[in-house]
Amino acid sequence: MRLLVLGGTHFLGRHVVSAALDRGHEVATFTRGVSGAPPVGARSLTGDRDDPAALPAALDGWRPELVVDTSCQTRAAAVHAAAALADVAGYAFVSSLNAYRAWPPGPIAGEQEPTWDSDEDTYGPVKAHAERVLGAVLGERFLTARAGLIVGPHDPLSRLGWWLDRIAAGGRVVVPAEGLDQPIALIDARDLAGWLVEMAERGQGGPVNATGPAGMTTFGGLLDTCREVTGGDAEWVPVPEAELLSAGVQEWTHLPLWLATGAARTAWDVDTSRARELGLPSRPVRDSVADTWARMQTGDRPQPPAGRELPGLPPDLEQRLLTSAG
């Protein structure tokens, strides 16, 4: 079938294209054309989703039967996609847990939890607005995958990648004293990508919390896996979160994937039973970590999206924390 990927040159989109090609589809991508070419085998269409004429012009008579949308970042982009792609047989949309008004800190008991309905042009409200706009047009053919933490090869945000690099470097590594036993959940981009293609093929509809099972690992377990995979001799130096916060350490940014205890108790508590019923796979965490590290060794590391800085603890701040820890 003819499958259009909105996106397709970054991280998840690349994996969606590869999955669709592997399943025998005729694949095209629609991007702004600034982040490189899609995987070999897909045709590349270019244009700005905020321009109402761009997508119809790029398609130029090529009519997709299926859509996987990985790149909707504005309200206008959703409106224009709905107008141009209303007749497709299946549309799988990548939303976010941020579409929920309660997340973070959560918990999210199920897909019926309220989503944002404000006019704010921030990430969560924009995703929730896109869900409503596209869903109103496509109805039961529209699936919205409210994704959580996505990891795997080609990740341009490099949250897991920072830990891998830092742990591989060895020595004393700052970790949050209260955070190592916190359960976390993640989804490998390759698992999510293949599943999204399958959902579009089936014309499956409705919202789905698209992340790994709650408690599939812990923060400390993930870091231990990074140490095992890289073969480093890193030594954890637990620092109380009160000291981290007073020193200016930013949650999620300076220590990627870390949330202070108050938020962490519930932020990872997301009901994914519908995702499991619909067959969303969840490969072993070690496989995701090992494959990410192997890809990083090639030297071909994607650049973060425009306006996004790579995460990580600044070396001077790290040294001050290590010194104070003794």
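Data overview
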| item | result |
| --- | --- |
| Amide H partners (placed H, <5 Å) of residue 174, local residues excluded | 237 |
| Fraction of accessible area attributable to carbon and sulfur, the range 151-250 (%, probe 1.4 Å) | 47 |
| Å² per residue, accessible surface of the range 3-90 at 1.4 Å | 40 |
| In range of the label at residue 310: residues from the range 207-224 whose backbone nitrogen is under 20 Å from the point 7 Å along Cα→Cβ | 223 |
| ³J(HN,Hα) computed for each position of the range 216-228 - Karplus, 6.51 cos²θ - 1.76 cosθ + 1.60, integer Hz, glycine/proline x | 5, 7, 10, 4, x, x, 5, 5, 4, 5, 4, 5, 5 |
| Per-peptide average of other Cβ atoms within 10 Å, ordering 235-247, 188-200 highest first | 188-200, 235-247 |
| Peptides ranked, highest mean first, by Cβ atoms within 10 Å: ranges 287-300, 16-29 | 16-29, 287-300 |
| Residues with amide H under 5 Å from that of residue 2, placed H, sequence gap 5 or more | 26, 65, 66 |
| Approximate spin-label separation residue 319-residue 1, in nm, with each point projected 7 Å along Cα-to-Cβ | 5.7 |
| Per residue accessible area in Å² of the range 145-231, where ligands, DNA and RNA are left out and the probe is 1.4 Å | 27 |
| DSSP bridge pairs, the chain: antiparallel proportion in percent, nearest 5 | 10 |
| Sequence-distant residues sharing a close amide H with residue 203 (under 5 Å, placed H) | none |
| Reduced Cα scattering model of the range 155-279, Debye log10 I(q)/I(0), q = 0.17 Å⁻¹ | -0.94 |
| Protection proxy ranking of 266-279, 94-107 - average other beta-carbon atoms within 10 Å, highest first | 94-107, 266-279 |
| Heavy-atom accessible surface of the range 1-124: percent carbon and sulfur, 1.4 Å | 51 |
| Descending Cα extents along the principal axes, the chain, whole Å | 67, 41, 34 |
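The values are calculated or read from the model by the stated rules, or taken from the named source; none is laboratory data. From a predicted model like this one, the values you see are computed outputs, not experimental measurements. Every residue, glycine among them, receives a Cβ derived from its backbone with ideal geometry; neighbour counts consider all protein chains shown. The protein model used for the area step is the full one, side chains on, heavy atoms only, and it has no ligands, DNA or RNA in it. Shrake-Rupley method; radii C 1.70, N 1.55, O 1.52, S 1.80 Å.
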